[in-house]
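The values are calculated or read from the model by the stated rules, or taken from the named source; none is laboratory data. Since we're looking at a predicted model, the values are computed, not measured.
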Amino acid sequence: MLECSGLSKTYPAARRGEIQPPALSDATVYVRRGECLGVVGESGSGKTTLANCLAGLFLPAAGTVSYDGQTISAPGARRRFPRVRGIQVVFQDPASSLNPLRSVGSVLREIIRVHDLRPKGSAQARVDELLAAASSSGWPSRARSRSSRG
């Protein structure tokens, strides 16, 4: 479960003495296991700031973020590295943030290896399972640039 309460974030002002409005003010979110959260709003309304605070990429000015009952982000808290397992931001433009020369299989293998999701030597078997479950015949060897981004 992912939960945030009273989350606020203000970025530093560009000039000394300038008053900066909050990018995010008093946001409260509760997402149960198996649920998905979509955030919609105008440009500059704080969607990306909320996502970055929920993922632990930004520390909030006020409020807390909890994941599976454990506080992962709060004002003045020490940043945790590596990031919280189970939370990932999907950026607005994946074409500019993902390497088009890498295959889907190699990206999945790296994620499994970096996060120790399977014992050593068994990552490829899990990649094969995932790709089969997605009915993605031929994807492990296909570069991302030739795959659908939808």
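Being modelled with pLDDT of 80 or more and not in a helix (DSSP H, G or I) is the filter here; which residues of segment 86-114 pass it?
Leu101, Arg102, Ser103
Out of the residues in segment 1-12 meeting the condition of being hydrophobic (A, V, I, L, M, F, W, C) and assigned to a strand (DSSP E or B), tell me which one is nearest to Ile87 (Cα to Cα).
Within segment 1-12, the match that is nearest to Ile87 (Cα to Cα) is Leu2.
Being on the phi > 0 side of the Ramachandran plot and at pLDDT below 65 is the requirement here; does Gly138 meet it?
It is true that Gly138 is on the phi > 0 side of the Ramachandran plot and at pLDDT below 65.
Only residues that are aliphatic (A, V, I, L, M) and under 11 Å from Lys9 (Cα atoms): list them for segment 19-68, please.
Correct list: Ala23, Leu24, Ala27, Leu50, Leu59, Ala61, Ala62.
Would you check which residues across segment 13-52 are assigned to a strand (DSSP E or B), small (Gly, Ala, Ser) and either under 16 Å from the mean Cα position of the chain (by Cα) or farther than 21 Å from Asp68 by Cα (or both) and list them?
Residue satisfying the conditions is Ser25 alone.
Could we say that Pro75 is assigned to a loop (DSSP other than H, G, I, E, B) and modelled with pLDDT under 85 here?
In short, yes.
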